[in-house]
Amino acid sequence: MRIIVAGGDGFCGWPTALYLSKQGHDVTIVDNMVRRKWDDELRSNSLTPILPLEERVQRWEEKTGKHISVYDCDLMHYDFLKEIFKQVQPEAFVHFAEQRSAPYSMIDREHAVFTQTNNVVGNLNVLYAIKEVTPDCHLIKLGTMGEYGQPNIDIEEGYIKIEHKGREDVLPFPKQPGSFYHLSKVHDSHNIQFACKIWGIRATDLNQGIVYGLHTDEDEHDEGLINRLDYDGVFGTALNRFIIQAAIGHNLTVYGSGKQTRAFLNIKDTIRCVEIAAENPADKGEFRVFNQFTEEFSVLELAEKVQRVAEAKGLKVSIDHLENPRVEKEEHYYHAVNTSLIDLGLEPSLLTDEHISRTLDTALKYKDRVLKENVLPNITWK
């Protein structure tokens, strides 16, 4: 299958591109390297040293004999994007190429506007390229469980049956996003659903939980293929951030009570979910929504897991509760449905002490790269 992975230089995109290539697909990466530029802007870095994209794909070809094409393209540049569609003729377009940090979107007006413009307009350009060049191309779009917010009812997969004044209908599940970033994802979902209805596009919206982990089978024993790992207060997600804090002897920083519950999945499951979606495409005109996660944890539960594993290695680890920089419920009901991908064959890789231990070993190996001033949050919603 000819597959474009947009954002293929990023945390989710890079291992996805390698995995799909290994499975025999003809993979093309489209990326404008902006994630690396954000490191410069924020005076941050990846815990792991990562090669330039051109060297990464060269190393992959040397190791496997499999070629991955690369286009340095911003999805905001429609004419170039359309030309790529003409040349590649993709059968599936995997869309990771968005600004994906809630804190980044809340820095100030400029970053909020950039996030929404970049994400919403870039996604619209992809929809038009599919419509005008490859109308049968299956859009596999990475959404987020954060679109749903924290409702006091079970979170269904995209849609919910509503009964009102004696009538009923199946409607999109109500969205209560918690940042300008999450709002951009909601706008994407609405635009994709509309495009499917009016143009007959086929699309799968993967409402992804928080991704943790580092290693996949494809980068095993080759540091030239290693994935990036973010630990700062802007792009670092909770579990990965706790692991890096444990490695450098910093207290684990839990926001507020730590009882905020979220959906999580291993990076290995992220790439497998994309493969499942590609192999089982949506029907023409169908806007399909899968909740892409495997487990639910509170933030405090994650911190306690890391603390236990770190102490088994002889590390002294304490847990601090910081004033929550976000505006969110800290105690709430949370239960989400995630049956569709499992029904299609996903076998979850669950969070074990062994997994945390392995990531912690990597963090200890590279701990001298950590910029300690970046491990605390410095962006507030208010």
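Using DSSP, restrict attention to beta bridges with both residues in the chain and report what percent are antiparallel, rounded to the nearest 5. Could you put the intermediate results ahead of the total?
Details: 10 of 48 bridges.
In the chain, approximately 20 percent of DSSP beta bridges are antiparallel ones.
Scanning residues 5 or more positions from residue 159 or on other chains, those with amide H under 5 Å from its amide H are 173, with H placed 1.01 Å from N in the peptide plane. Projecting the Cα positions of 315, 364, 292 onto the charge dipole of segment 287-382 (unit charges on Cβ atoms of Lys, Arg, Asp and Glu, taken about the Cα centre) puts 364 furthest along the positive direction. Taking a ≥ b ≥ c as the square roots of the eigenvalues of the Cα gyration tensor of segment 74-142, is the shape rounded (a/c under 1.5), prolate (a/b larger than b/c) or oblate? Since a/c reaches 1.5 and a/b is larger than b/c, the shape of segment 74-142 is classed as prolate. Each of 33, 23, 190 was scored by the projection of its Cα onto the charge dipole of the chain, and the greatest displacement toward the positive side belongs to 190; charges sit on the C-beta of Lys, Arg, Asp and Glu.
Measuring r between the beta carbons of residue 23 and residue 161 and using R0 = 35 Å, the FRET efficiency lands at 0.45. Classify segment 261-331 from the C-alpha gyration tensor, please: rounded if a/c falls under 1.5, else prolate or oblate depending on whether a/b exceeds b/c. Here segment 261-331 falls in the oblate category. Descending by average beta-carbon neighbour count within 10 Å, the peptides 87-100, 106-119 line up as 87-100, 106-119, the highest first. Around the amide H of residue 138, modelled in the peptide plane, lie the amide H atoms of 92, 93, all under 5 Å away and 5 or more residues distant in sequence or on another chain.
With helices as the sole contributors, the chain gives -11000 deg cm²/dmol at 222 nm; each DSSP H run of n ≥ 4 counts as -39500 (n - 2.57), and the sum is divided by every residue. Per the Kirkwood formula applied to alpha carbons, segment 137-295 shows a radius of gyration over Rh ratio, Rg over Rh, of 1.02.
Quick check for you: with a 1.4 Å probe and neighbouring chains kept, what is the accessible area per residue of the chain, in Å²?
42 Å²
Accessible surface of segment 130-257, 1.4 Å probe: 51 percent of it comes from carbon and sulfur atoms. Going by accessible surface with a 1.4 Å probe and the largest first, 262, 288, 59 read 59, 262, 288.
Full extension of the chain between residue 33 and residue 319 yields a length gain of 99.4 nm, computed as 0.36 nm times the residue separation minus the alpha carbon distance. Just the protein heavy atoms count here, and of the accessible area of segment 11-107 at 1.4 Å, carbon and sulfur take up 47 percent. Taking every Cα-Cα distance in segment 1-147 and sorting them into 5 Å bins starting at zero, the pair-distance distribution P(r) comes out as 2, 9, 19, 22, 20, 15, 9, 4, 1, 0 percent.
Round to a whole number: what % of the accessible area of segment 269-382 belongs to carbon and sulfur, probe 1.4 Å? In segment 269-382, the share of accessible area belonging to carbon and sulfur is 46 percent. Ordering 272-282, 30-40 by mean Cβ neighbour count within 10 Å, with the highest value first, yields 272-282, 30-40. Radius of gyration (Cα atoms) of the chain, expressed as a multiple of 2.2 N^0.38 Å: 0.95. Taking every C-alpha pair closer than 8 Å and separated by at least 6 residues, the mean separation divided by the residue count of segment 76-161 gives a relative contact order of 42 percent.
The values are calculated or read from the model by the stated rules, or taken from the named source; none is laboratory data. Fair warning: this is a prediction, and the values are worked out from it, not measured in the lab. Glycine gets a Cβ as well: all are built from the backbone with ideal geometry, and neighbour counts include every protein chain shown. To get the accessible areas, we keep the full protein, side chains included, count just its heavy atoms, and leave off ligands, DNA and RNA. Shrake-Rupley method; radii C 1.70, N 1.55, O 1.52, S 1.80 Å.
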